[in-house]
Amino acid sequence: MIDADYMIHGDYLLTMADGEEPLTDGAAVVKGDKIIDVGNYTELATKYNAKHYIGGGFRLILPGLINTHTHAAMVYFRGIADDMPFRDWLEGYIWPAENRWLSAEFVSDAMELACLEMVRAGITTFCDMYFFEDAAAVIVKEIGMRAVLGRGVLDFPSVSAKTPDEYIESAEEYIKKWNGDELISPSIAPHSPYACGPDTLKKAKKVADKYNAILHTHLSETEWEVNEIGKRYGRSPIDHLENIGVLDNNVLAAHCVWPSDSEMDLLARRKTGVSHCVDSNLKLASGFAPVVSMLDRGVKVCLGTDGAASNNDLDIIAEMGAAARLHKAAAGDPTALNAKQALRMATLSGAEALGLGDKTGSIEKGKQADILIVNMKKPHLLPIYDIFSHIVYSMRSSDVESVMINGEVVQDRGVLVKKSEDEIMDKAIRWNRRIKEETRS
């Protein structure tokens, strides 16, 4: 018998590795932070002597879910400005609120709430774009999540920096500090082609290339952006990034709602990742991203929630269902964006877009142990015929029972392990009171 730390067992196990079908009575064996075997539970139980056996009957074992675009600390701005046009929302409410409230303390406290919400929804890895990411990284590690944390860059002053060069320099120092961490992948995040000029974008890309880091940006999100970039530079946003030498396989582009056919072909050629944020796009009336066309062309499309100020949650399970339903209706084709494709977008495709495909996104030997246990014995999940269909069209975040990240259980039967959930929520309530009291005055 071979010693192991965990035997994780379920009636169903989905590896999400390409070409592999769901396993019934499946199990994953974990030792340290790695998956060391995957297969039939009965067979593996005769081979391994595990310290802990978790899962069991009516349980589904999944790879951890991946949220590829968010502004996690914006959970403290959830509901602060809703039901208004995108630019009014961003320029009239969100940027002023950030200038008033953002600090290392704010981001640290808000990140706790965001991580709690994401772990509850089965998210083990997320890609963030925000400020004070040093403070964010400390909290992410304390909770035990995996994250690509992008330090924001703008062409105008904020509480984070005063000049474009100051943003770039501080982002490089931040990347140097966290580079090589086992859970934190530091990145640089120039906001968008309308908030960052060509020189800023090129400088940001130079830093990203120097450290082989992701460059994370909003791109072609609204029709206004397409028109504005056309006026400034005579090109559409994606062509503009290509023209200045920024677009490649280390770029993660959030939204891409308004690409032309030629731009979609360009994204595929450059192997650029696209984070599709369906709920945020719908709520802000940004439009309908041509996801089916992008997938057909081979674009690396994955899923993101965006921030909770525009979604208003951090639930990637809800995004899967919304994306699959919306794009069937948009295409007039009930077979478009099927359940298996939607789940891949939330797992392996997300990992690949973040440059983490060798570590996470699927349950395979040698990968990091980022694994979910889902309780399927629920009224809305019975009976079971097609497991992919159940996950995408019926499953809820509340069905996620236990969450393992990097070989550690961070949520045990619905309860966060390393921090007090009550204390996290009490902090959120106190911040809410402060913000409301100042708003009233």
(message) Can you tell me which condition Ala323 does not meet? The list is (1) in the same structural domain as Asn249 (by TED's automatic domain parsing); (2) more than 20 Å from Ala289 (Cα to Cα), and all the others hold.
(response) (2)
(message) I'd like the full set of residues that are acidic (Asp, Glu) and part of a loop (DSSP other than H, G, I, E, B), limited to segment 244-302.
(response) Asp248
(message) Please go through segment 324-347 and give me each residue that is over 20 Å from Glu21 (Cα atoms) and surrounded by fewer than 18 Cβ atoms within 10 Å (Cβ to Cβ), ordered by number.
(response) Arg325, Lys328, Ala329, Ala330, Ala331, Gly332, Asp333, Pro334
(request) Run Leu219 past the list (1) under 22 Å from the mean Cα position of the chain (by Cα); (2) touching a residue at least 60 places away in the same chain (Cβ under 8 Å) and report the number of the one that doesn't hold. (result) (2)
(message) Within segment 22-40, does at least one residue satisfy the condition of being without any contact (Cβ under 8 Å) to a residue 12 or more places away in the chain and not in a strand (DSSP E or B)?
(response) no
(message) Looking only at segment 353-378, count every residue that is more than 20 Å from Ser397 (Cα to Cα), among the charged types (D, E, K, R) and surrounded by fewer than 22 Cβ atoms within 10 Å (Cβ to Cβ) and tell me the total.
(response) 4
(request) Of all residues in segment 197-221, count the ones that are in contact with an Asp or Glu (Cβ under 9 Å, 6 or more places away or on another chain), crowded, with 22+ Cβ neighbours inside 10 Å and in a loop (DSSP other than H, G, I, E, B). (result) 1
(request) Residue by residue through segment 200-252, note down the ones that are touching a Lys or Arg at 6+ places or on another chain (Cβ under 8 Å) and either at positive phi or modelled with pLDDT under 95 (or both). (result) Gly245
(message) Exactly one condition in (1) under 29 Å from the mean Cα position of the chain (by Cα); (2) modelled with pLDDT of 95 or more is false for Ala45; which is it?
(response) (1)
(message) Quick test of your reading of the structure: His240 fulfils all but one of (1) touching a Phe, Trp or Tyr at 6+ places or on another chain (Cβ under 6 Å); (2) without any contact (Cβ under 8 Å) to a residue 40 or more places away in the chain; (3) not hydrophobic (A, V, I, L, M, F, W, C). Name the failing condition by number.
(response) (2)
(request) Name the one entry in Ala161, Ala147, Ala110, Ala189 that is of a type outside the set (D, E, K, R), buried (at least 18 other Cβ atoms within 10 Å of the Cβ) and assigned to a helix (DSSP H, G or I). (result) Ala110
(message) Which pairs turn up if I take residues in segment 320-336 that are closer than 17 Å to His390 by Cβ and look for partners that are of a type in the set (S, T, N, Q) and part of a helix (DSSP H, G or I) with beta carbon separation below 8 Å, at least 6 apart in sequence or on another chain?
(response) Ala324/Gln341
(request) Filter segment 113-132 down to the residues that are among the aliphatic types (A, V, I, L, M) and in a helix (DSSP H, G or I), then identify the one that is surrounded by the fewest Cβ atoms within 10 Å (Cβ to Cβ). (result) Leu116
(request) Any chance you could count how many residues in segment 1-57 are within 26 Å of Val392 (Cα to Cα) and surrounded by fewer than 20 Cβ atoms within 10 Å (Cβ to Cβ)? (result) 12
(message) For segment 313-429, give me every one of the helices (runs of 4 or more DSSP H) that falls completely inside it and has 1 or more residues that are closer than 14 Å to Thr124 by Cβ and small (Gly, Ala, Ser).
(response) 348-353
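The values are calculated or read from the model by the stated rules, or taken from the named source; none is laboratory data. What you are looking at is a predicted structure, and each value in this text was computed from that prediction instead of being measured. No Cβ is skipped: glycine too gets one built from the backbone with ideal geometry, and neighbour counts run over all protein chains shown.
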